Amino acid sequence: MNIINIENISRIFQVGSEEVRALDNVSLRIDKNEYVAIMGPSGSGKSTLMNILGCLDTPTSGRYDFKEIDVSDMSDNELAEIRNREIGFVFQTFNLLPRSNAFHNVELPLIYSGIASAKRKEMARETLIDVGLEDRMLHKPSELSGGQRQRVAIARALVTHPSIILADEPTGNLDSKTGEDIMSLFNDIHKKGNTIILVTHEEYIAKRAARIVRLRDGRIEKDEIISN
Amino acid sequence: MSKYIFELKEGLLIAVRALRVNKTRAMLTTLGIIIGICSVALMATVINGIDIAFEKGISSLGSDNLYIDKWSWFTNEEFWKMRNRKNLKLSDYEKYKALAQLPTAIAPTLWNIKKIQFEDNYIEGALVTGTTNDYLDTTNFEFSKGRFFSAIESKSSRDVAVLGSEVADHLFESRNALDEYVKLNGIKYKVVGVLEKQGSNLLGNFNPDKQIYIPIGTVFKHFENASFRSIAIVVRSRNTSMVSATKEEAEGLMRRVRGLRYDEENDFSINQQEGLTRNYDQTVGVIKIAGLFITGLALLVGAIGIMNIMFVSVKERTREIGIRKAIGAKKRTILGQFITESAIICLIGGLIGLILAVLLSMAVDKFLPTSVQFGTVILAIEISLITGVVSGLAPAYSAAKMDPVEALRYE
């Protein structure tokens, strides 16, 4: 089943009097349960691509079909709904609410979904157990290690059972051992049937995926399936 | 509808959590509102107190009474014109009384300010009213002891007196004043009655409890220049609906009694308590508006402070707003969150300000009359909420329209 289909997407930014083409006619298809890494050096447009795939940003031109529905022209509110239900973000800097505990952080997307209190507490609890944080639920981010924080962020991304997980340099702020733990976790998440899109500039991280899309100067240079 | 209530509840939850997390800032923000609401509420309690005190004060004047006097209580007419009028004489009163049909009671009054003595105690500046026994029927007097002077005592100008509650308390303290003799203008008067406490001290020098009533004849007998002064005539109408008819009759009769030609103006005035109320409303009304305006300014300052701090808060939480939006918060959710935060801060501040106002009003009560009413409480809460929503609006809007990508990049 096709989840993401973008055709000739361009994204142009106005910087003063100049135009910057962050993305230039990019087309891409991603199906359910794929594990895709988007790679490229700094300035290649991978962050911009991620923002567009994640419905945080709209393309200047081109078409984006998400689960076969055209989202390129959707309103802010409609995009917000899609982000809430279909997309789970994992950021390099974790981006947790610093003064809410792990449980509340994971609960938040469910609150925005309009899910009733008892149900969402149950869902949050389950998801936190799934990522191995059963006994850290009431800790605040400042009381958690980097790896644990990222797990909370992953739990928050998973709790709404989204169609895609979008991870932007998820191990960027972690040491190599913890980074390895997180990448195993992504492996497990992928095995359970989730669709994962990983953005990175590290070759060894990208190789953990099943397919690598390489970007350079806003265009796709190479798109290869790799054997794992 | 239930979805809206759900959103409101969730909004409240998020807002309360956010506030709990930023306690210090929330408290500082609240301070502005506390002061603002406290001033407005305190002002309202003073205004209510003055209104009530006024009503109590003039109730002793009687709403169905007319007061025929040389002077008008309200200077619509020129002062010199009134000053040059002929005094009202006792004979005017007697002639009017003989002719008038509509009133239920008519009494002459002659006022003085005198010192009253009993043994070693004395009270200065008491209002001495010389009048007849009919005066009682123009009032709502209640007696704590004794009675008003009788018709005989009145006609024969006996040296008897009825004391107001403050005079009696001051001169006799806990002793029984009845049948004792007080000294007034060098003459001893026997106390035949003491009045219940009537009104409060509001109307400036007019304290209805600091009075003494004596037969008018004794005033003419014992007071030096009594015959050079003008009397006033108190007239009681049968009921409120008869007041204007009674007033018309009085005007006609007094013109005759005073020998006025058809083309001459009245050389007397007929005053009413209602006029007092109107005058009060006009004068005090202006003061009330000014007072509320000034305290309103304090509130405005508080509101601006809140808006300012909310802006700072929004800026500081840019990253957080980006995160919320990435997770799926809609514009109106963010808007609602921040407006709710602002409203809660203002509500809490308003309640604290209200409690403070109630406590302060007890202290202020020593100088000015105050009255805490339920309406004031409701008003304070309403104003708090409205202030919260209005001051939170601009900051909340700026939060809502943040671009999530930019916001997430914010350090």
Practice item. Please specify each residue of the stretch B:320-334 satisfying the condition of being surrounded by fewer than 20 Cβ atoms within 10 Å (Cβ to Cβ) and more than 7 Å from chain A (Cβ to nearest Cβ). Key: B:R332
Exercise for review: Could you please find all residues in the stretch B:256-277 being loosely packed, with under 13 Cβ neighbours inside 10 Å and either without any contact (Cβ under 8 Å) to a residue 12 or more places away in the chain or not in a helix (DSSP H, G or I) (or both)?
Suggested key: B:G259, B:R261, B:Y262, B:D263, B:E264, B:E265
**Study point:** Out of B:V405, B:V364, sole residue that is within 14 Å of chain A (Cβ to nearest Cβ), in contact with a Leu (Cβ under 8 Å, 6 or more places away or on another chain), surrounded by fewer than 22 Cβ atoms within 10 Å (Cβ to Cβ) and not polar (S, T, N, Q)
**Key:** B:V405
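This table checks each residue for (1) within 14 Å of another protein chain (Cβ to nearest Cβ); (2) surrounded by fewer than 15 Cβ atoms within 10 Å (Cβ to Cβ); (3) among the small types (G, A, S).
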| position | (1), (2), (3) |
| --- | --- |
| B:V377 | no, no, no |
| B:I383 | no, no, no |
| B:G392 | no, no, yes |
| B:P395 | no, no, no |
| B:K401 | yes, yes, no |
| B:R409 | yes, yes, no |
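Here are some residues: A:R125, A:R208, A:R156. Which one is of a type outside the set (A, V, I, L, M, F, W, C), farther than 13 Å from A:V90 by Cα and either in a strand (DSSP E or B) or in contact (Cβ under 8 Å) with a residue 60 or more places away in the chain (or both)? If you could, list the steps in order and put the result at the bottom.
Details: A:R125 fails: either in a strand (DSSP E or B) or in contact (Cβ under 8 Å) with a residue 60 or more places away in the chain (or both); A:R156 fails: farther than 13 Å from A:V90 by Cα.
Testing whether each residue is of a type outside the set (A, V, I, L, M, F, W, C), farther than 13 Å from A:V90 by Cα and either in a strand (DSSP E or B) or in contact (Cβ under 8 Å) with a residue 60 or more places away in the chain (or both) leaves just A:R208.
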Point to revise | Condition check for B:L99: aliphatic (A, V, I, L, M) and modelled with pLDDT under 90 | key: no
Check your understanding: Among the listed residues B:S165, B:S157, B:S144, which satisfies the condition of being of a type outside the set (V, I, T) and under 18 Å from B:L110 (Cα atoms)?
Key -> B:S157
Review point. Is at least one residue of the stretch B:293-305 within 14 Å of another protein chain (Cβ to nearest Cβ) and either of a type in the set (V, I, T) or part of a helix (DSSP H, G or I) (or both)?
Key: no
**Study point:** Every residue from the stretch A:97-122 that is more than 7 Å from every other protein chain (Cβ to nearest Cβ), assigned to a loop (DSSP other than H, G, I, E, B) and polar (S, T, N, Q)
**Key:** A:N101
Practice item. Being in the same structural domain as B:S384 (by TED's automatic domain parsing), under 30 Å from B:A26 (Cβ atoms) and either β-branched (V, I, T) or outside any helix (DSSP H, G or I) (or both) narrows it down to one of B:I309, B:I289, so name that one. Key: B:I309
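Could you tell me which of the residues A:G45, A:G54 is small (G, A, S) and more than 19 Å from A:A157 (Cβ to Cβ)? Quick ask: steps written out before the conclusion?
Details: A:G54 fails: more than 19 Å from A:A157 (Cβ to Cβ).
Going through A:G45, A:G54 in turn, the sole match is A:G45.
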Check your understanding: Would a scan of the stretch A:41-49 turn up a residue that is within 14 Å of chain B (Cβ to nearest Cβ), under 30 Å from B:K401 (Cβ atoms), β-branched (V, I, T) and surrounded by 17 or more Cβ atoms within 10 Å (Cβ to Cβ)?
Key -> yes
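Is one or more of the residues making up the stretch B:197-207 in a helix (DSSP H, G or I), in the same structural domain as B:K115 (by TED's automatic domain parsing) and under 30 Å from B:K86 (Cα atoms)?
no
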Exercise for review: Please tell me if A:Y64 is away from chain B (no Cβ under 14 Å), under 27 Å from B:I321 (Cβ atoms) and either of a type in the set (V, I, T) or crowded, with 16+ Cβ neighbours inside 10 Å (or both).
Suggested key: yes
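Per-residue answers, yes or no, for (1) closer than 19 Å to A:T178 by Cα; (2) within 15 Å of the chain's Cα centre (by Cα):
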| site | (1), (2) |
| --- | --- |
| A:N95 | yes, yes |
| A:F103 | no, no |
| A:P109 | no, yes |
| A:K121 | no, no |
| A:P141 | yes, no |
| A:R156 | yes, yes |
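Which one of A:N77, A:N51 is without any contact (Cβ under 8 Å) to a residue 24 or more places away in the chain and in contact with a Lys or Arg (Cβ under 6 Å, 6 or more places away or on another chain)? Break it down into steps so the answer makes sense when it comes.
Values: A:N51 fails: in contact with a Lys or Arg (Cβ under 6 Å, 6 or more places away or on another chain).
Only one candidate qualifies: A:N77.
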Review point. What pairs can you find where one residue is in the stretch B:186-200 and closer than 16 Å to B:A168 by Cβ, the other is of a type in the set (K, R) and modelled with pLDDT under 90, and their Cβ atoms are less than 6 Å apart, with a gap of 6+ or different chains?
Key: B:V194/B:K145; B:G199/B:K56
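Does A:P59 satisfy being crowded, with 18+ Cβ neighbours inside 10 Å, touching a Gly at 6+ places or on another chain (Cβ under 8 Å) and either free of Cβ contacts under 8 Å to residues at least 60 places away in the same chain or within 18 Å of B:I327 (Cα to Cα) (or both)? Write out each step before concluding.
Numbers: crowded, with 18+ Cβ neighbours inside 10 Å: yes; touching a Gly at 6+ places or on another chain (Cβ under 8 Å): no; either free of Cβ contacts under 8 Å to residues at least 60 places away in the same chain or within 18 Å of B:I327 (Cα to Cα) (or both): yes.
No; evaluated as a whole, the condition is false for this residue.
The values are calculated or read from the model by the stated rules, or taken from the named source; none is laboratory data. Since the model is a prediction, treat every value here as computed from it, not as a measurement. Glycine also receives a Cβ, built like all others from the backbone with ideal geometry; neighbour counts cover every protein chain displayed.
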